[in-house]
Amino acid sequence: MMGVSQMERLGIGSNRFSKMVVSFLIAFFLLYMLSLAYRSSTFDRIGEFARAHVTGEMAGNVSRASESEGKHSSHPERVVVDKLLGGLLAPGFDEESCISRYQSSLCRRISPHKPSSYLASKLRKYEELHKRCGPHTESYNRTLEELSSSHVNGTADCNYVVWTPANGLGNRIISTASSFLYALLTNRVLLVDLGTDMANVFCEPFPNTSWLLPMDFPLSNQFYGLRSGNGQSYGQLLKNNNMNISTVSQPPPFLYLYLSFNNDEYDKLFYKDQNQGFLQKVPWLILKSDQYFAPYLFLIPSFQQELDKLFPDKETVFHHLVRYLFHPSNQAWGLITRFYQSYLASADQRIGLQVRVFNRKASPIKVVLEQILGCIQKEKLVPQVDEEKHIAPPSKNKTSRAVTIASLYPEYYESIKNVYWMRPTVNGDVIGVYQPSHEEAQQFGNNIHNIKAWAEINILSLSDVLVTSSWSTFGYVAQGLGGLKPWILYVPTGGQTSDQPCPRAVSMEPCFHFPPNYHQNSSTGRGLDTVSPVPHIRQCEDASTGIKLVND
């Protein structure tokens, strides 16, 4: 230590030294506070980054540009996160309760299809209606009292459509979306009876309320016996009154609408415009369907003007509805993101292949496999293999392609994986083939099976290009979520492959397989072959009896 005499010799007086110490301490304190502020802002940014990126580097290379016609490669673009999907979704949800709601946009290709401002406004108004009329609200309880009456007493201020499940997960999703569209058009509140086998599959879609039908709903024990000809169905009411609804003096408090594939001619009278006025007076409509009946709503004159305003782009109806309503639960989202990060995130291109075989005896594995390879190679979705070489020539422009196969069976995955493992591709591209699961059989009533199926649908929807199987509602949902026009794989029957194994769909809309035949072609006896009452309804590519929405 320096003594006083030493400090004096160095010209450091006691007063001057004190001032220097104080100045040093002040400067040190200011620097310390600045470093804390910098660290805090950095950690804030890191926290925001972590919250926006579910799986580490997911957003670094997952956002995809719009699909280019004639080109199947889609290289990563600069990440543009649109958490609200162009106004389709409402802000304000608890993100931790449903991580996928705002983060699925990070790993799915950017959709070029934006919802109309009118649709966004309509959805916000619906959310207010659902909050006011949802389960256990005063309005709900008051309308519930109508069920114990023999007729409508006019005291209720809310009307409802109750969706009940039929068939598999794909059928349930497309019919729920159709039911919601009907609810939007008729100012009704949609409630869904998901049951135990769909628990923890989806998040709640509407803010600050629930779409789940309460377990104590008085008619719940009757739902599973609902079928065509039910004594309290709308079809039976019309049949009893010789199809003249005007003879019914007083609307009942509830009616069943049976709109599944095997409904009869009386049930199908739901689609007649002149009967919609009567249905508006019934507080509770209990609807059962396994069909995407939305296209036929466009053929009901009283709905057409509203639908034109909601959906100027006609082939985006399901695309917007399914992205609005159906968000994977955190459990399902965990399956999706783990598979994505492990196998898809680093790929230059993602290819989805969905193989649905309805009859394995009529469609042998070898024949179906030939059809699949003929499809993906003829359409140049993947390169062919080089039969003469064992090692691909060096190339600086190699493209890595990840092929995800969704099928109940493992044989197609094993065979296609071996094709690209045993030989190099002719252009040197690297092909990875993956399959999330192979359940062997569709398991009705199994909750875990439905969660896995929902995860696989979403994984397929993350593709840049997609191949789906004809007639498959599973594939319809994947293409709708992804905003993709798929190649439709015709699964061969009778041991014969096709020269055109997978034509391209004209739109990304699902097919309504079994519409009423009010617009049947008189010369062929089939559905809409060449003439449609409206320009945006066409015959389906994969179902000659069906109709679908397309752009004009």
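The values are calculated or read from the model by the stated rules, or taken from the named source; none is laboratory data. Please read all numbers here as calculations on a predicted model, not as lab measurements. For neighbour counting, all protein chains shown are included, and Cβ atoms are generated from backbone atoms with ideal geometry for every residue, glycine included. In case anyone asks, the SASA skips ligands and DNA or RNA and just uses the protein heavy atoms, side chains included. Shrake-Rupley method; radii C 1.70, N 1.55, O 1.52, S 1.80 Å.
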Selection count where residues are farther than 17 Å from K452 by Cα and of a type outside the set (S, T, Y), scope segment 342-357: 8
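Here's a check for you: in segment 221-231, which residue that is touching a Ser or Thr at 6+ places or on another chain (Cβ under 9 Å) and open to solvent by 30 Å² or more (accessible area, probe 1.4 Å) is nearest to C133 (Cα to Cα)? Outline the logic, then answer.
Pass one, segment 221-231, residues touching a Ser or Thr at 6+ places or on another chain (Cβ under 9 Å): 223-224, 226-228.
Checking the rest, the ones that are also open to solvent by 30 Å² or more (accessible area, probe 1.4 Å) come to 224, 227-228.
Numbers: Y224: 25, R227: 28, S228: 29 Å.
Ranking the qualifying residues of segment 221-231, first place goes to Y224.
Among H390, H327, which is the only one that is buried (at least 20 other Cβ atoms within 10 Å of the Cβ) and either farther than 23 Å from C203 by Cβ or within 20 Å of the chain's Cα centre (by Cα) (or both)?
Numbers: H390 fails: buried (at least 20 other Cβ atoms within 10 Å of the Cβ).
Among H390, H327, only H327 is buried (at least 20 other Cβ atoms within 10 Å of the Cβ) and either farther than 23 Å from C203 by Cβ or within 20 Å of the chain's Cα centre (by Cα) (or both).
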Test: residue in segment 412-428 that is over 29 Å from A294 (Cα atoms), at pLDDT below 95, of a type in the set (G, A, S) and not in a helix (DSSP H, G or I): yes
Listing of helices (runs of 4 or more DSSP H) fully contained in segment 58-163 that carry 2 or more residues being more than 24 Å from the chain's Cα centre (by Cα) and at pLDDT below 95: 138-144
Residue that is surrounded by the most Cβ atoms within 10 Å (Cβ to Cβ) [pool: residues in segment 395-420 that are closer than 16 Å to Q349 by Cα and charged (D, E, K, R)]: R401
Inter-residue pairs, beta-carbon under 6 Å, first in a loop (DSSP other than H, G, I, E, B) and in segment 265-276, second among the aliphatic types (A, V, I, L, M), 6+ apart: Y266/L238
From S346, S302, residue being surrounded by fewer than 22 Cβ atoms within 10 Å (Cβ to Cβ) and within 17 Å of R108 (Cβ to Cβ): S346
Tally, over segment 127-156, of residues that are touching a residue at least 60 places away in the same chain (Cβ under 8 Å), in contact with a strand residue (DSSP E or B) (Cβ under 9 Å, 6 or more places away or on another chain) and not aliphatic (A, V, I, L, M): 5
When residues of segment 183-206 are limited to those that are under 18 Å from the mean Cα position of the chain (by Cα) and either of a type outside the set (A, V, I, L, M, F, W, C) or assigned to a loop (DSSP other than H, G, I, E, B) (or both), the one nearest to S121 (Cα to Cα): F206
